[in-house]
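The values are calculated or read from the model by the stated rules, or taken from the named source; none is laboratory data. Remember, predicted model here, so these are calculated numbers, not experimental data. Here Cβ is always computed from backbone atoms with ideal geometry, including for glycine, and neighbour counts include all displayed protein chains. Accessible surface areas use protein heavy atoms only, side chains included; no ligands, DNA or RNA. Shrake-Rupley method; radii C 1.70, N 1.55, O 1.52, S 1.80 Å.
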Amino acid sequence: MAADRLIVNGHYEVDPTRALPGYDTPTATAYAVFSPGGKDPSMFGLLCDPKLPLRPDVFRSMRDISEPGMVRAVEWGVIEWPDTGRQHPFLIYDRPAGTKVFETLESQRAPFADDVIINGFLAPAAAALEALSERERTHRAIRPNNLYFADTGQRTLMLGEAASAPPGFSQPDLFEPIELAGADKAARGEGTLADDLFALGITVLCLLLGRVPPTAEDPDAVLLERMVGTSYSAAVRGNRLQMNMVELLRGLLSDDVAERWNLRDLESWIGGRQMTPKQAKPPVRATRPLTVAGTDHEIPRAAAHGLSVNWADAGKVCRSADFDSWLQRSLDDDEISANVREAVGPSQAFQDMPPADDDKLVTSLCIALDRVSPIRHRGFGTQMEGVGTALATYFDDEERLRQVRDVIIGRFVNTWMALQPRSRPELLHLYGVFESLPGFIEHNEWSEGIERCLYELNPFYHCRSPYLEQLMAYRIEDVLAGLNRVAAECDQTQLPIDRHIAAFIVARTPKIEGRMLRSLGAFETSRAEAVISCLTVLAQLQKDLKVEPLPELSLWFAALLQPAIEKFHNIKRRAEIAADIEKIADTGDLTDLLHLVDDPEALSEDERRFKVACHEYHLCTVKIGKIQAVLRSRGLLSYDVGEQAAAIVAGIISSVGASTILIWSIL
């Protein structure tokens, strides 16, 4: 192996000095990857952004697929990158035989012939998407600059990678259906096969034209154009296409997901069967428009968009009599009126809402007017599945984080789910997760808060604890090993478990409940209890997961355990425990360390002996008091009585001395 190569998962060799820019993605840089001892790189690896949530579940599915229409995933892991001095996720793929079809989205090339598009691209791509769909996965990164030639003759094309960023993150709005294009790029969600087929349709159009069709610079204007017209017309515009391709594109680019071609329709068309796309049902139009910030809207979906991009004025518009008149008389759509009643109640109720409730009112009305589009709140749009990826992507962005937090606390997901026009069984589990999230934020105890939301919504995301900032801890085992690695550099007057680690542990480990970590929040006032709770949890995890010794982490605990040692009253026992802690810390066994300071039998016996000593001390104190009383009254006693008293006092003093020696030996 070359001296400067790095190793991934003990097998694959990476050359950090040999970049492969032809395989870069918008969020990752490509480098040459070799088989052990290889001279020519047969693979490329993507050095990913460590803060972006990846899609390891999709990567694993791609690894099991050998369809020629998609690059094959080989392996993924974590790599220590010399230039950044930290760990990064690293995804390894087989190198395609050819180059990228479009270097960038601005690239232009000769249009492709129909037979190359049909047989060299659509047929293998459809097979690859079907294989993903069978595994309940989506691609969500189909675009011209993520296509490769599968052969040197440039007659066959293949889909590129799909795991280095959140789903849809790098997709231009034009490649996303209307209901996803309106969401923040980090909040578009996993989507469905129908969304991949839409992106496939736009990509086919690019191959036919030899370029990406131009659109207006203002994305809101383009989205509004698609809402009022169709995505097909906004993409094709004045370009002349052959009738068979018009048929294909109308089928794949239908804005009604129920009318959009599915894989069977596409495969039938590829096989030569004539397919006539169904004419889209025109949207309901009001007899007179609703004016929002100077723009007239006749279509409910467009009105919702207008409200969402003019948030400062939207609340006043929604509470106005004009809005009620537009909804009840000009629009006169029973279904939308029912949606509005379910989302916010009767019109009189929301007209009487105070301006302080405008944010909730506008968000709910936008959902009611356009129920399949994103949840839109204060300039932020998110699909239900996208809340988690947005939370991870923007966790360090205070403004965006507040917006995501508000969406969760506002329980807008409940309204959105209740109004969906079709059953979404794939979202039921996620809906159950959302039910508990507002409580985590409101209670904000250790193992809860926004950190718990982050890990509940992102089951494949790494722990974002500041302790592990330079590491990629995807598993509990990684967290323990990471704490052991960084322990010597940390402030050892603080607990090894912070809010992030507490939330990560509870979210990933059913056996560890949040109540086991609540005392950590009282570290400053109840140090012994907090340290013992922290050690108990980590010791259990080390034992259950069979994690190797953790000597540095044990030494960290050794520095924290003085309050726990002081729970013992016996001075000699304290000294013995302190000495034993130093010995056991070197072994790295947290369970043995815990038994030293949290042994119920030893603590009980120590407490019993302490109570005995206290009782003896009390008796001695009483006797001394009596002696002092006798001495104060000695002038009243006769000489004979004095002699007797002296003898008695001497006996008592001897008894007190013996008791004192006994108490000292117990302590």
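With a sphere of radius 11 Å drawn around the Cβ of ALA481, what net charge do the other residues whose Cβ falls strictly inside it have (Lys, Arg +1; Asp, Glu -1)? Intermediate results must be reported in sequence, preceding the final value.
Values: positive: ARG475, ARG485; negative: GLU477, ASP478, GLU548, GLU552.
That works out to -2.
Can you list which of the chymotrypsin sites (Phe, Trp or Tyr not before Pro) found in region 338-411 are DSSP loop residues with at most 12 other C-beta atoms within 10 Å?
Working: sites: PHE350, PHE380, TYR394, PHE395; in loops: TYR394, PHE395.
Those that pass, being in a loop and sparsely packed, number zero.
So what is the 222 nm mean residue ellipticity for the chain from helices alone, if each DSSP H run of at least 4 adds -39500 (n - 2.57) and you divide by all residues, rounding to the nearest 500 deg cm²/dmol? Intermediate results must be reported in sequence, preceding the final value.
Numbers: 28 runs with 314 residues, N = 667.
Theoretical 222 nm ellipticity from helices: -14500 deg cm²/dmol.
Give the calculated FRET efficiency between GLU576 and ASP322 to the nearest 0.05, with a Förster radius of 51 Å applied to their Cβ-Cβ distance. If you can, show how the numbers build up before the last one.
Numbers: r = 82 Å, r/R0 = 1.60.
Approximately 0.05, to the nearest 0.05.
Using the heavy atoms of the protein chains and a 1.4 angstrom probe, tell me the accessible area per residue for region 17-70 in square angstrom. Working shown, then result.
Numbers: 2100 Å² over 54 residues.
That works out to 39 Å² for each residue.
If packing is taken as the average count of other Cβ atoms within 10 Å, what order do 578-588, 234-244 fall into, highest mean first? Walk me through the numbers before you get to the answer.
Working: 578-588: 15.5, 234-244: 12.8.
Put in order of decreasing packing, that is 578-588, 234-244.
At 0.36 nm per residue, and after removing the present C-alpha to C-alpha distance, how many nm does the segment from THR525 to ARG60 gain when stretched out fully? Display every interim value, and only then the final one.
Numbers: separation 465, 0.36 × 465 = 167.40 nm, distance 4.67 nm.
Result: 162.7 nm gained on full extension.
Ranked from highest to lowest mean number of other Cβ atoms within 10 Å per residue, what is the order of the peptides 257-264, 15-22? Walk me through the numbers before you get to the answer.
Numbers: 257-264: 16.5, 15-22: 14.5.
My ranking of the peptides, most packed first, is 257-264, 15-22.
Rounded to the nearest percent, how much of the accessible area of the chain (1.4 Å probe, protein heavy atoms only) is carbon and sulfur?
Numbers: 15360 of 30000 Å².
The value for the chain is 51 percent carbon and sulfur by accessible area.
Would you mind checking the tilt of helix 123-134 against the longest principal axis of the Cα atoms of the chain, expressed as 0 to 90 degrees and rounded to 10?
Rounded to the nearest ten degrees, it is 30.
Just one of [x] 29.7; [y] 26.3; [z] 27.9 is Kirkwood radius over Cα pairs in Å calculated from these coordinates, so which is it?
Entry [x].
Within region 333-373, which residues have the backbone N less than 18 Å from the label spot 7 Å out from ARG422 along Cα→beta-carbon, could you tell me?
Counting only backbone N, you get 370-373.
Assigning unit charges at the beta carbon (Lys, Arg +1; Asp, Glu -1) and nothing else, what dipole magnitude in debye, to the nearest 20, does the chain show about its Cα centre?
Details: 70 positive and 95 negative charges, 93 e Å.
In debye, rounded to 20, the chain gives about 440.
So how do 222-233, 425-436 stack up, highest first, on mean other-Cβ count within 10 Å?
Order by mean packing, descending: 222-233, 425-436.
Take the residue pairs LYS100/LYS185; LYS278/LYS360; LYS546/LYS572; LYS543/LYS611; LYS511/LYS546 and return only those whose Cα atoms are more than 26 Å apart.
Details: LYS100/LYS185 23 Å; LYS278/LYS360 38 Å; LYS546/LYS572 34 Å; LYS543/LYS611 36 Å; LYS511/LYS546 15 Å.
Check vs 26 Å cut-off fails for LYS278/LYS360; LYS546/LYS572; LYS543/LYS611.
Just going by the charge dipole of the chain, with Lys and Arg at +1 and Asp and Glu at -1 on Cβ, which of ILE512, VAL413, TYR23 is farthest out on the positive end?
ILE512
Report the full-extension gain for the segment ASP491 to ILE270: residue separation times 0.36 nm, less the Cα-Cα distance, to one decimal in nm. Let's see the in-between values first.
Details: separation 221, 0.36 × 221 = 79.56 nm, distance 6.40 nm.
Contour length minus the Cα-Cα distance gives 73.2 nm.
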